[in-house]
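Each remark here refers to the structure printed beneath this line.
The values are calculated or read from the model by the stated rules, or taken from the named source; none is laboratory data. Since we're looking at a predicted model, the values are computed, not measured. Neighbour counts are summed over all protein chains in view; Cβ atoms, including those assigned to glycine, are modelled from backbone coordinates with ideal geometry. The protein model used for the area step is the full one, side chains on, heavy atoms only, and it has no ligands, DNA or RNA in it. Shrake-Rupley method; radii C 1.70, N 1.55, O 1.52, S 1.80 Å.
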Amino acid sequence: MLSYFANPARFEALAARAGPVAFAIFVLLTGLGAAIGLFFSPADYQQGDSVRIMYVHVPAAWCALAAYAFIAVMSLVAFVWRHNVADVAARAAAAPGAAFTALALLTGAVWGKPTWGAWWVWDARLTSMLILLFIYLGYIAIWRSVSNPTSAARFARILALVGVINLPIIKFSVEWWSSLHQPASVFRSDGPTIHSSMLTPLMLMAVGYTALFMWCVFAGARADIIERRLANRHGRVPSRPLRTLEPAA
Amino acid sequence: MPDGFVEFGRAAPFVGIAYAASLVVIIALVLLISARLNRALRADALRASQEKEK
């Protein structure tokens, strides 16, 4: 399976076909989830209507973590099997991962004000999510600043694999330290503690956001593969702006 | 005025900001990635047509 998609042409063909499907799923499920979350799901008995922020905050946080886990796995694959497509996929996941992390922090702050009375607290969960955002920015910066693509890939893989230690810290921060942030209420060994009327829009949004993430990876990786192919054929450095390949107007 | 209406009035700005911010970030992400993909596809098509002419 890994070897099959390690071929850039095969992966590009897959991305061209699967990308639009993922985008359609994202539009459909996110639209449906947001509509149910805003207008049909009940208000919380304690938080009132501000609980509706959960439907955009929680899926963004899940996708932020999942995107980083994806980058770490792809980096490991690239390290062990030297698959260039794994590097390309990892790189393509960085921008959506950073966007989801920023979104989780932003919507979390907006949710924090009416429930905690503060936009931000130096809580273990919030701080470890902020560190995740910095790791994402560092990862993107490496790809953009190191001119030699082979060195950039090596440095990026190392950062991705070292930074993976932050994932269990984020996940268990609410259990290891005293925290304002609520503990897990969906992925629990004894099952979700959320009523189905709230769980349904939450899961619709989560699957929709995941489809968006997949579209981002497919489209970003496809663009990267095309840029690299053009660069290899015409002796240009992949990180160089592509517009240099276009004729002057 | 019913209690629920008062409560929604208090939460609405926060809910609105959260959903608007999500929409803006997602649209920006989609536009950025689409623009990059379109640029790459255009350059690829241009290069292919130039090679065909040769």
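If I ask for residues that are part of a helix (DSSP H, G or I) and free of Cβ contacts under 8 Å to residues at least 12 places away in the same chain, which ones from the stretch A:128-157 would you list?
Scanning the stretch A:128-157 gives A:PHE134, A:ALA141, A:SER145, A:THR150, A:SER151, A:ARG154.
Within the stretch A:41-73, take every residue that is free of Cβ contacts under 8 Å to residues at least 60 places away in the same chain and assigned to a helix (DSSP H, G or I) and give me the one that is most open to solvent (accessible area, probe 1.4 Å).
Among them, the one singled out is A:VAL73.
Does at least one position in the stretch A:136-153 carry a residue that is open to solvent by 80 Å² or more (accessible area, probe 1.4 Å) and at pLDDT 95 or above?
Scanning the stretch A:136-153, I find at least one residue that is open to solvent by 80 Å² or more (accessible area, probe 1.4 Å) and at pLDDT 95 or above, so the answer is yes.
With respect to the numbered conditions (1) under 20 Å from A:ILE36 (Cα atoms); (2) open to solvent by less than 20 Å² (accessible area, probe 1.4 Å); (3) of a type outside the set (Asp, Glu), which one is the sole condition not fulfilled by A:ILE170?
Of the numbered conditions (1) under 20 Å from A:ILE36 (Cα atoms); (2) open to solvent by less than 20 Å² (accessible area, probe 1.4 Å); (3) of a type outside the set (Asp, Glu), the odd one out for A:ILE170 is (1).
In the stretch A:110-127, how many are open to solvent by 20 Å² or more (accessible area, probe 1.4 Å), of a type outside the set (S, T, N, Q) and part of a helix (DSSP H, G or I)?
Summing the residues that are open to solvent by 20 Å² or more (accessible area, probe 1.4 Å), of a type outside the set (S, T, N, Q) and part of a helix (DSSP H, G or I) in the stretch A:110-127 gives 7.
Do we find that A:LEU76 is more than 20 Å from A:GLU227 (Cβ to Cβ), away from every other protein chain (no Cβ under 14 Å) and either modelled with pLDDT of 95 or more or in contact with a Lys or Arg (Cβ under 9 Å, 6 or more places away or on another chain) (or both) in this structure? Don't jump to the end; show me each part of the working.
Working: more than 20 Å from A:GLU227 (Cβ to Cβ): yes; away from every other protein chain (no Cβ under 14 Å): yes; either modelled with pLDDT of 95 or more or in contact with a Lys or Arg (Cβ under 9 Å, 6 or more places away or on another chain) (or both): yes.
The answer is yes for A:LEU76.
So, in the stretch A:214-238, exactly how many residues are under 22 Å from A:LEU65 (Cα atoms) and either out of contact with any helix residue (DSSP H, G or I) (no Cβ under 8 Å at 6 or more places or on another chain) or surrounded by fewer than 23 Cβ atoms within 10 Å (Cβ to Cβ) (or both)?
Residues flagged as under 22 Å from A:LEU65 (Cα atoms) and either out of contact with any helix residue (DSSP H, G or I) (no Cβ under 8 Å at 6 or more places or on another chain) or surrounded by fewer than 23 Cβ atoms within 10 Å (Cβ to Cβ) (or both) within the stretch A:214-238 amount to 1.
Identify the residue in the stretch A:175-202 that is in a helix (DSSP H, G or I) and free of Cβ contacts under 8 Å to residues at least 12 places away in the same chain and, among all such residues, is farthest from the other protein chains (Cβ to nearest Cβ).
A:GLU175
Can you name every residue in the stretch A:148-203 that is over 17 Å from the mean Cα position of the chain (by Cα), over 16 Å from A:LEU76 (Cα atoms) and of a type in the set (D, E, K, R)?
A:GLU175, A:ARG188, A:ASP190
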